[in-house]
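Since every read-out is calculated from the coordinates, none of them should be taken as a lab result. Because the structure is predicted, anything quoted here is derived from the model rather than measured. Don't worry about glycine lacking a Cβ; one is built from the backbone with ideal geometry, like all the others, and counts go over all protein chains shown.
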Amino acid sequence: MPVTPPPAVTAQTPTLTPAEPGVTRWLWIAVALAAVASAGAALVWWRRRTVVAAEPVFERPVVRAKAEPIAETVPAPTTALTLDLEAGRMSATLVNATLAYRLMLEAGSAVNDVVVRGDMTAAHASRPTEEQLGLADAPVLHRIARIEGGEQLELTGEIRLPLSAITPIRHGSAALFVPLVRIEATGEIDGKSVILRSAFVIGLEEAPSQARLQPFRLDLGPRIYSDVGRRALTVPAFA
């Protein structure tokens, strides 16, 4: 059956008639406003398009040191006293979050009357850095009468934090807990008091090679986490 081609459409050029000066001026203003509105709408669309829902992961906090007066106690030289923490297990009950830890303490020279204090808190963006990394009323964890030069001690224990003291990070229906462990070691070297402060962020270790740690979920109820890792933080002078 023969196909009848559609009728040809002839484009007609509209005839422009000169507008009055006032009309022309308002026409240009309307065009300019329409262009601004279009640009604003495009910007909003672009911003919305680029927003991606964040994964519930925790990255190491960035601590910016402030210029503060130097404490009376002399900081320990890097070769005099070193400290490292290994996170063994994190357990969450209806009452407490408890971290089982192993602490390695090594002295480059003889240190007397060593006292190790420490505690755990919850990282949260609403809290000042001084509060999160400060160690005002931390309990005593260990006392050592003397550490000889070159000697390394391994100390073990547990640190508890009441669940009522945790301000969780909300991510949808999840209540995330990012523990911060603060440790301070003091002692005397040749009659001079020295102090060493360290801080660590604790989290779930998905793979040893990954830099990120996963936070703990408090909304899942009591449980024990064995694959726990830690990342050391830089402690500023004011902490």
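Which number comes out as Rg/Rh for the stretch 126-170 once both Rg and the Kirkwood Rh are worked out on C-alpha atoms?
Values: Rg = 15.9 Å, Rh = 14.4 Å.
Using only Cα positions, Rg/Rh for the stretch 126-170 is 1.10.
In this simple spin-label approximation, Asp219 and Ser164 carry label points 7 Å from Cα along the Cα→Cβ vector, and these lie 2.4 nm apart. For Val228, the residues whose modelled amide H falls within less than 5 Å of its own, excluding neighbours fewer than 5 places apart on the same chain, are Glu205.
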